[in-house]
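Asker: Got a structure for you, questions after.
No lab work stands behind these numbers, since they all come straight from the coordinates. In this text, all values refer to a predicted model and were calculated from it rather than measured experimentally. With ideal geometry, Cβ positions are generated from the backbone for all residues, glycine too; neighbour counts draw on all protein chains shown.
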Amino acid sequence: MRRALERTESTEPGHAGVAYGLLAEVELARDHLDQARFLCRQALELLEGTATPRYADRVWETLAEVEERAGDLKAALAALRARSTSAPTR
């Protein structure tokens, strides 16, 4: 699966970003915080400018939860703030 994602990164970075975000949620559910954090960062890098903001927002929320569980409330707040800045104005 990892190999398929790496190939997708070059041709469809937005799709790969969404997939990494979903994998981050799985790792968070397993309480693998370091892996979830890593996957969130990969997802956000790929989603920037390639997908609608709602996908990035979901990853920012996942990252905020990762940081909160890790005890880094400052990083959790930063992730939530980043999420709110990526949301379109209504």
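Asker: Restricting attention to helices (runs of 4 or more DSSP H) lying wholly within region 1-73, give those where 2 or more residues are among the aromatic types (Phe, Trp, Tyr) and out of contact with any Pro (no Cβ under 8 Å at 6 or more places or on another chain). Break it down into steps so the answer makes sense when it comes.
Answerer: Numbers: elements: 2-11, 13-29, 33-47, 53-69.
The helices (runs of 4 or more DSSP H) meeting that bar are 53-69.
Asker: Residue by residue through region 51-76, note down the ones that are crowded, with 16+ Cβ neighbours inside 10 Å, closer than 19 Å to Thr11 by Cα and over 9 Å from the mean Cα position of the chain (by Cα).
Answerer: Correct list: Ala51 only.
Asker: Yes or no: region 32-47 includes at least one residue that is over 24 Å from Thr11 (Cβ atoms), basic (Lys, Arg) and crowded, with 19+ Cβ neighbours inside 10 Å.
Answerer: Just the residues of region 32-47 that are over 24 Å from Thr11 (Cβ atoms), to begin with: 32-37.
Still in the running and basic (Lys, Arg): 37.
Checking which are crowded, with 19+ Cβ neighbours inside 10 Å leaves us with 37.
Looking through region 32-47, at least one residue is over 24 Å from Thr11 (Cβ atoms), basic (Lys, Arg) and crowded, with 19+ Cβ neighbours inside 10 Å.
Asker: Something else: Within region 21-31, can you find the residues that are at negative phi and surrounded by fewer than 23 Cβ atoms within 10 Å (Cβ to Cβ)?
Answerer: If the condition is that a residue be at negative phi and surrounded by fewer than 23 Cβ atoms within 10 Å (Cβ to Cβ), then Leu22, Leu23, Glu25, Val26, Glu27, Leu28, Ala29, Arg30 are the ones that fit.
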